[in-house]
Every structure is written in C-alpha cells, then in structure tokens.
Amino acid sequence: MAEFPIIQQLGDDALLVTFAHTISWDVGVRVRSAARRIRDTQLSSVTDVVPAYTTLAVYFDSRAVSFATVSSEVATLIGDADAASDDSSKLIEIPVRYDGPDLAEVAERTGLTQDELIEKHCSRTYRAYMTGFAPGFTYLGDLDETLVLPRRTSPRVRVPAGSVAIAGAQTAVYPLVTPGGWHLIGTTSMAMFDPARDPPSLVRAGDSVRFVRVDG
Amino acid sequence: MSDAITVIAAPPFATIQDLGRVGFRDSGVPVSGLADPESGLLLNAILGNDPNAAMIEWAVGGGALRFDCAAKIAVGGAESILRINGVNADPWLPIVVASGDEVKIERIVRGRFVLIAVRGGIDVPVVLGSRSTLLSAGIGGLDGRRLRTGDQLSIGDHVVTPYDNIEYDKRGSRTNSGEPVTVIRGPQASFFDDAAWATFLNTEYLVSRASDRSGYRLDGVAISHSGSAALPSEPACVGAIQIPDGGTPIVIMHDGPTVGGYPKIAVIRDSCLSRFAQMATGDRVRFAVGSSGFDIA
C-alpha cells in the first residue's frame, strides 16, 4: 500500500487524493486544508475542488491541461507537511420545529421521551463532514450515542424539503425534495440551498451547526 | 427578446441544456449540461452559435414546436424522424424556418436524446453560471423544470459567426458503431480481482429502463468485489461506473450525485461519453480498458 496521500486519476477530467481510509474529524481537517490550498493557488484550468470525508477531488479542463501536470502541482501543494490549517468555520444556527413523522418512533426505539430526544438533538454543536448526495445536503456529526439508529429499512420516495433527519451517527437537513432513508424528526424553514447565494449551500464541510427548537 | 417558440406538443421529457455548470460541486451541485455535448457542439457550430449556447434536449417520444418568428435551426443527436410543416427534413444541416412553421419530431428512431438548436440559442436565465436545467434542484432552464405543452421559449443572441461565414466540419451523425466504450481503471479498480474484471470486460450489458440523466443502470452479469465494501463516500464524476452491492453497474451521468460510496471499477473516457449517453433502453454496451490518460496528444 502506497503512503498517504495517494493521488489517482478519476476519469479524464479529474483526480482523486486519498488521505486515509477511515473517517475521522482530523482527516477531514487535513482534507479541507489541502482543498483550500489548491483553491487558493488557482491552478489554471482547475474548475472544482471538492473535499469529502477522507478524499478530495480536483476537476480540470483536460483539453487545456494534462492529468500529469495537475497531479504534480497538487502533489507539491499537499506535500507541504505542516501546512494543515484549521477550518475557518462558521457557526450556523438552524431553527427546527420537531414535528417529523418519525419523531414518535425514534423516541420509542431509543427509549427516550420526545422532549428528551429533542433536548439531546439540540444539545450538541455538530460539525459538517461533507456536502454531497444532493445540492446543499451536508452530513453533520456526531450524534449523541443514544440517538444512533440504522437507516429506515424502506427509504421514502419523497422526503419533503427542510426535513431534519438522523441516521447512524449523523444528522442532516434535506434541502430539496429527494428520496431518502433517514428518520425525519423535524422541519426547518431555513433555506439550506439557495442558487442566488454564493456559495449556494448554507452549510459546508468544516462548518459547525446547532439546532434550535422553535414552536409552531 | 419576445417569445419566439411555442411548445405545441411536449415530448415526455425535454429540458434546456448547455455545456453545464462547473464550480459548485462542493455545494453538492452536479454539473448537468448536455448528455451528448459532442452533438451539441456540432449543432452550435453549424449555426454559428457560441459553443455554450443552450438548446432543447428532447427525449423519450415525439412532439412539436411552433416558431412564432423566422429562425434558423439545426437538429441532431439521436436519430429521429423530423418534419417541418409535415415535410421530412434532414438533421445536421441548418434549416431556415418562417414564422408559423411547425417543427415536429415524429419519433426517435435510435439513440436517447434529440437536440434541437436554434441560431442564437435558447434564452433562459443563467443560474449558477449555466442555463442547464437541473430538475432535482428546480434550477436552470425554463423555471427549473421539463418543458410542457404551451411553454414559450425566447431566442437569445449567443452567436459568434455571421450566418454567411459559417464553416464547420460536416461529419454528420455519429452512429452507434457497436465499438466498445473505452474506460480507464477507476479509483477502486483493485477492489475487483481478475475474475471480476474478466466478467466486467466480457459482459455485454443492456441499458436498463431505470436510467435517466442522473445515472444509467446496466443489466448483465453481476460482479463482486473482493475488498471491503465499506468505502467512505468520495467525490464522483460523470461516467464513473459504480458497482453497488447488487453487482450490476450504475454509471453516474450529468445530473447524478457529486459524491458516492459505491466502488468505482472504471470511468468512461471523455471521447466515448457522448456515444454512451446516447444509448437508449435495451441498447447493448461492452467496455474496454483504454490508455491511461497520460497520453495527452
């Protein structure tokens, strides 16, 4: 096994950098730090730099620049050993009405009252691990251990936009109507994805999120 | 500019697309854009348009447009029966239409997406840098949705060449030659042992009905991967061939998710992506590993 980070080709127009095979917050910090360095350098013909849990991808215009060129530039940038910098994190507060269709079932399965469940979901500051799956969908962790449940056995075909959900050790807001297998515990009116905003995703990897209970 | 084209019979699935939306993948926004950009670029060249001028990407069935002004159009992509005021017309050539003319796609004969381009391009608002429709987010194109009967479209001014000076490579329609689709090894290529690779490369896959602009599912012999299936979700790309637990491939297409957790055995090369995207339900496809991509000419 080669030493991390590993650079691989991801199609004709992209490369993938792998920093680890196991998800951890520290790996994510390194991934995002490297992503920022690549973005800030503004390599010519690079169109997108996308950090994920343990990897990042660099997309480029292969008509203008070769994989070999981008690869060596990226290798130099991420090889800079002590350049890992902390996330310039935003703290985002998301108001939630805890009225989700799965709230009662989740309370029952976790052995909590609904108020206890809500209290536990609101009590933490979550960290944003990755944006993906759908525009503006950001994976947040880690949930209180007592709230950890596997996904629903049968996913919903249509989850309403603004649904606040949990699954495994993660929580998220569905920004748009999509299929989804997470447990829906609440609703927010906050726009998680807004094409008129730059960036369009309200929460991005590296940010922090708190859910605030609201009535009505 | 005033409304110039009326959709008098919408096909089951038509959207406005240009060359796509880059720069927002880190917000989870897929690139979208023409599934067959090769044909789109040729049509825009035929009309003297900006290469990124938006056009109608038309799928699944027949339908008709009425032009409410004089215009120049060109039709290409999938093979279709094209009629102007009831008279058969040829693809891959500029066609002058007059106000009141009806442009009808009788049906699609072969392929998935017919492209209808207009000199000047279809004028819809630019959203996140592109006119491409992304249905899942309801953005781009005409109000972020597919075209409906009764819709009216405006023609833009996205031209780069005076009409009389247009020169283009008259190569015409690419036919689906049946040649294998060339791929490079994907990031998880090593999850698959020699037997799995042999299956992958020797199977003639059928494009499943469960395919759309987000992804094409392929039916055929299932492949199993030897490595651990637990892969943290990682960035994907158009043309990535994923092998989910069921073992039959799903190819990520233009409106597909920006990240995914299924192992990617291979990725379709750019030079074959338009041809692959034009494959319709039931079409047969084989894959072959091509050169590594280091061979930039």
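Under the convention that each Lys and Arg Cβ holds +1 and each Asp and Glu Cβ holds -1, the size of the dipole of the stretch B:3-165 around its Cα centre is about 420 debye. Let me check I've understood the local charge: for B:LEU206, count other residues with C-beta under 15 angstrom from its C-beta, Lys and Arg +1, Asp and Glu -1. What total comes out? Once positives and negatives cancel, what remains is +2. Based on the Kirkwood approach, the hydrodynamic radius assigned to the protein assembly as shown is 24.2 Å, with every pair of different Cα atoms included. For the stretch B:3-165, the C-alpha radius of gyration divided by 2.2 N^0.38 Å, with N the number of residues, is 0.95.
Computed extension gain for B:ASN202 through B:ASN85, at 0.36 nm per residue and net of the alpha carbon distance, reaches 37.4 nm. Maximal additional length on extending the A:VAL214-A:SER189 stretch stands at 7.9 nm, based on 0.36 nm per residue less the C-alpha distance.
Please report the relative contact order for the stretch B:181-289, taking Cα pairs under 8 Å with a sequence separation of at least 6, and give it as a percent rounded to a whole number. All intermediate terms of the calculation are to be shown ahead of the outcome.
Values: 236 pairs, mean separation 44.4, N = 109.
Computed over the stretch B:181-289, the figure is 41 percent.
Could you tell me the number of lysine pairs in the protein assembly as shown with C-alpha atoms less than 30 Å from each other, where the two lysines are 8 or more residues apart or belong to different chains? Lysine pairs, 8 or more places apart or on different chains, close enough: 4. Summing Cβ point charges (Lys, Arg +1; Asp, Glu -1) relative to the Cα centre of the stretch A:6-83 gives a dipole of roughly 140 debye. In this label model, A:PHE4 and B:ARG107 are separated by 5.6 nm, measuring between points 7 Å along each Cα→Cβ vector. Between B:ARG148 and A:SER89, what's the calculated FRET efficiency when r is the beta-carbon distance and R0 is 56 Å? Round to 0.05. Approximately 0.80, to the nearest 0.05. Distance between the C-alpha centres of the stretch B:193-242 and the stretch A:118-161: 27 Å, rounded to the whole angstrom.
Taking a ≥ b ≥ c as the square roots of the eigenvalues of the Cα gyration tensor of the stretch B:34-91, is the shape rounded (a/c under 1.5), prolate (a/b larger than b/c) or oblate? Judged from the Cα gyration tensor, the stretch B:34-91 comes out oblate (a/c at least 1.5, b/c at or above a/b). The alpha carbon centroids of the stretch A:1-72 and the stretch B:97-145 are separated by 34 Å.
Translational diffusion coefficient of the stretch B:181-289 (Stokes-Einstein, Kirkwood radius from Cα pairs, 10 °C, 1.306 mPa s): 117 µm²/s.
Once you list every other residue whose beta carbon is under 15 Å from the beta carbon of B:ILE265, what net charge do they have if Lys and Arg are +1 and Asp and Glu are -1?
So the environment of B:ILE265 carries a net charge of +1.
From the C-alpha coordinates alone, can you work out the Kirkwood hydrodynamic radius of the stretch A:6-83, in Å? After inverting the pairwise mean of 1/r, the radius is 12.3 Å.
Can you give the longest run of chain B that contains no trypsin sites (Lys or Arg not before Pro) sitting in a DSSP loop with at most 16 other Cβ atoms inside 10 Å?
That gives B:1-147 as the longest site-free run.
Each Cα pair under 8 Å and six or more residues apart adds its sequence gap; the mean of these over the residue count of the stretch A:6-83 is a relative contact order of 34 percent. Placing pseudo-labels 7 Å out from each Cα toward the beta carbon at A:GLU119 and B:SER99 gives an inter-label distance of 7.3 nm.
With a cut-off of 13 Å between beta carbons, the residues surrounding A:PRO101 carry a summed charge of +1, where Lys and Arg count +1 and Asp and Glu -1.
Considering only B:ASP26, B:ASP123, B:ASP101, the mean-square fluctuation computed in a Gaussian network model of chain B, springs between alpha carbons under 10 angstrom, is largest for B:ASP26. Toward the positive end of the charge dipole of the stretch A:91-213, with +1 on the Cβ of Lys and Arg and -1 on the Cβ of Asp and Glu, the farthest Cα among A:PRO95, A:THR146, A:GLY162 is that of A:GLY162.
Legend: ranking of residues A:TYR53, A:TYR129 from fewest to most surrounding C-beta atoms inside 10 Å; resulting order A:TYR53, A:TYR129. Distance from the C-alpha centroid of the stretch A:183-211 to that of the stretch B:5-49: 28 Å, rounded to the whole angstrom.
Would you mind calculating the relative contact order of chain B from Cα pairs under 8 angstrom and at least 6 residues apart, reporting the percent as a whole number?
Worked out over chain B, it gives 21 percent.
For A:THR69 and B:SER190, the FRET efficiency from 1/(1 + (r/R0)^6), where r spans their Cβ atoms and R0 equals 22 Å, is about 0.30. Pairwise Cα separations in the stretch A:91-213 fall into 5 Å bins from 0 onward with the following percentages, short to long: 2, 12, 24, 28, 20, 10, 3, 1, 0.
Size of chain A from its Cα atoms: along the principal axes, largest to smallest, the extents are 56, 35, 32 Å.
Each reported figure results from applying straightforward, stated rules to the coordinates on display, with no laboratory input. Only a predicted model underlies this, so the values are computations on that prediction, with no experimental measurement involved. Here Cβ is always computed from backbone atoms with ideal geometry, including for glycine, and neighbour counts include all displayed protein chains.
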